[in-house]
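The values are calculated or read from the model by the stated rules, or taken from the named source; none is laboratory data. In this text, all values refer to a predicted model and were calculated from it rather than measured experimentally. Note that we place each Cβ from the backbone using ideal geometry, even for glycine, and neighbour counts take in every protein chain shown. Ligands, DNA and RNA are excluded from the accessible area calculation, which covers all protein heavy atoms including side chains. Shrake-Rupley method; radii C 1.70, N 1.55, O 1.52, S 1.80 Å.
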Amino acid sequence: MFNDIGPLELVTLIVLAVLVFGPDKLPKLIQDATRTIRKIREFSESAKEDIRQELGPEFKDFEFEDLNPKTFIRKQLDNDELGLKEIRNGFDLKKEMAEVTDAVHSRESDSPSSSGSSGSSGGSIDMTKKPESPREERPPYDADAT
């Protein structure tokens, strides 16, 4: 519940509790708090059992944590009926990226030699920058037209 509280923060909270409530009232306050937490836990467990009994025997393995979407999806993906583990294990991202990088580098090294060939060779696209064709002659400048 309090996983992110460090030891220094815990000591600070204890010192503040002693200062605010006093050393005489603090033990009774702690007992009351633990008793209340225990009653809340018992109430929630009995409510869960009542719900399980009302749902019937087909839901005896039902866990309320499964209602969380993240938990539900994780549980379904861990199920091996779909064969997702084999797909996940067969996919190597580093290998795939290396193949893509090699393909890109080989295409770059092939592009200067293939630039002399026609543009429709095997459906490949020539992406080298070509000089623009010279434009047609401009009409003479007319100062009166502006």
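Structure notes:
- Those residues of region 1-20 which are exposed (fewer than 10 other Cβ atoms within 10 Å of the Cβ) and closer than 30 Å to GLU63 by Cα, in sequence order: MET1, PHE2, ASN3, ASP4
- Flag if LEU93 is at pLDDT below 80 and of a type in the set (A, V, I, L, M, F, W, C): yes
Residues checked against (1) open to solvent by 100 Å² or more (accessible area, probe 1.4 Å); (2) modelled with pLDDT of 65 or more:
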| position | (1), (2) |
| --- | --- |
| PHE62 | no, yes |
| PRO69 | no, yes |
| ARG74 | yes, yes |
| VAL100 | no, yes |
| ALA103 | no, yes |
| SER120 | no, no |
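- Residue match in region 21-36 (condition: under 36 Å from the mean Cα position of the chain (by Cα), open to solvent by less than 90 Å² (accessible area, probe 1.4 Å) and modelled with pLDDT of 85 or more): no
- Hey, GLU49 under 33 Å from the mean Cα position of the chain (by Cα) and not aliphatic (A, V, I, L, M) or not: no
- Among the residues of region 1-54, the ones that are among the small types (Gly, Ala, Ser) and more than 29 Å from ASP66 (Cα to Cα) come to 4 in all.
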